[in-house]
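Structure, as structure tokens:
The values are calculated or read from the model by the stated rules, or taken from the named source; none is laboratory data. Remember, predicted model here, so these are calculated numbers, not experimental data. When we count neighbours, we look across all protein chains shown, and the Cβ atoms used for this are built from the backbone with ideal geometry, even at glycine.
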Amino acid sequence: MRICHVMLAKGFGGAERYFVDLSQELARRGHHVLAICHPSGMARERLGRMAGLEIATVRSLGNWDPFTAGRLRALIEAFRPAVVQAHLARAAFHTGTALRDTQVPLLSMTHNYVNIKYYARVNKFLPATRDQAAYLRQCGITAERMQVVPNFSVLPAMTPPPDRPAALIALGRMVQKKGFHILLAALADLRRRDVPLPPVLIGGDGPLRKKLEQASLREGLGGVVRFAGWLTDPVAFLDQGTLFVLPSLDEPFGIVVLEAMARGLPIVATSTQGPREILDAASAILVPPGDSAALAEALMLVLAHPATARTRAACATDYFVSRYSADAVVPQLLAVYEGMPRNP
């Protein structure tokens, strides 16, 4: 099948990682893929070169850019795909304009609780969770125009070696909604109660990094918490840990949760939209978002009962393999692609 994917964002978060992983995975499975991305976007660097994967670039200055749709249309017409999938609002908006008056169906993985006005010409929505699907229904999208297909990870499943030194891992962009200030408050609470803490490694960068580093020192955590900064290899970073923590205040899905599941780490996460659908009491400990006291108690429980934590982690890895691995998810997407009718 000839499949085109469009991502016009320059950064590299969960949606961009999904775009790269899906484009590469479809090519590995023998499909012919055109991946269109921003010329200076980080996704462009990570797509690499492989058989079956063509890469083209389109520079878009914003939703108002009058030239983006024309550039996209020329590339798509030359490639002749059976379907096109757009990622995030800018790509959905411009690709919808580019495909106007053509027979090529447009799909979009929503990735979040989107502003529906940018998706007016999408034929099929691919919400990653049932909660996102419920949101789309509230926006007037009919059941026929959507299919829930979760995110996935290409990471191989593994069990951490038993002699790995203890370390608590957290990873994400340093912004308010990721809740790292809540994690620091929980750690400070445990420190004041003389609970022995393993090294805490926090990966990622963003506008709040300096403020978080200062808060860590102010709370007396300087000897415990290390900020690793931007990560070129998140997998190697995860593989340093024996416990993964997601303290987010808002998490529509959380691909990093799938990665922690795949790498066999015990998980403590907030009961935000994505994690509460991905995980359950058998596979993780979920706490209310924004509740540092509850987070502290959950961390203390995992640290005090490592065998039970490993049992939950093994369950989470089983969930990953059966529900969120590439082998579990990509065939679902292909079935949706194959069932898409040409536009009249």
Qualifying residue in region 40-56 (condition: among the hydrophobic types (A, V, I, L, M, F, W, C) and assigned to a loop (DSSP other than H, G, I, E, B)): yes
Matching option when the condition is touching a strand residue (DSSP E or B) at 6+ places or on another chain (Cβ under 7 Å), buried (at least 20 other Cβ atoms within 10 Å of the Cβ), at pLDDT below 95 and not polar (S, T, N, Q), among L107, L47, L99: L47
Given (1) outside any loop (DSSP other than H, G, I, E, B); (2) touching a residue at least 60 places away in the same chain (Cβ under 8 Å); (3) not small (G, A, S), index of the condition K117 fails: (2)
Only one of F19, F12 that is of a type in the set (F, W, Y) and surrounded by fewer than 19 Cβ atoms within 10 Å (Cβ to Cβ): F12
Residue list for region 142-185, filter: within 27 Å of R17 (Cβ to Cβ) and in a helix (DSSP H, G or I): R145, Q176, K177, K178, F180, H181, I182, L183, L184
I76 being at pLDDT 95 or above, more than 25 Å from the chain's Cα centre (by Cα) and either surrounded by 20 or more Cβ atoms within 10 Å (Cβ to Cβ) or assigned to a strand (DSSP E or B) (or both): yes
Where V195 falls short, out of the listed (1) outside the structural domain of P306 (by TED's automatic domain parsing); (2) in contact (Cβ under 8 Å) with a residue 40 or more places away in the chain: (1)
Cross-chain or 6+ apart pairs with Cβ under 6 Å, region 298-318 first and outside the structural domain of G241 (by TED's automatic domain parsing) and on the phi < 0 side of the Ramachandran plot, then at pLDDT below 95 and surrounded by fewer than 14 Cβ atoms within 10 Å (Cβ to Cβ): none
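Conditions (1) touching a residue at least 24 places away in the same chain (Cβ under 8 Å); (2) within 25 Å of T317 (Cα to Cα); (3) more than 20 Å from the chain's Cα centre (by Cα); (4) not assigned by TED's automatic domain parsing to the domain that holds V268, marked per residue:
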position	(1), (2), (3), (4)
A157	yes, yes, no, yes
D163	no, yes, yes, yes
K177	yes, no, no, no
D189	yes, no, yes, no
K210	no, no, yes, no
A215	yes, no, yes, no
Flag for R59 being part of a helix (DSSP H, G or I) and of a type outside the set (G, A, S): no
Hits in region 140-172 - residues which are of a type outside the set (K, R) and surrounded by fewer than 14 Cβ atoms within 10 Å (Cβ to Cβ): G140, T142, A143, E144, P156, M158, T159, P161, P162, D163, P165, A166
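Look at region 21-37 and say how many of its residues are touching a Gly at 6+ places or on another chain (Cβ under 9 Å) and either more than 16 Å from L72 (Cα to Cα) or outside any strand (DSSP E or B) (or both).
8
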Output for region 79-97, where each listed residue is under 27 Å from the mean Cα position of the chain (by Cα) and hydrophobic (A, V, I, L, M, F, W, C): A82, V83, V84, A86, L88, A89, A91, A92, F93
Only listed residue being touching a residue at least 40 places away in the same chain (Cβ under 8 Å) and part of a loop (DSSP other than H, G, I, E, B), chosen from P81, P66: P81
Within region 196-253, considering residues that are of a type in the set (F, W, Y) and in a loop (DSSP other than H, G, I, E, B), the one nearest to A309 (Cα to Cα): F253
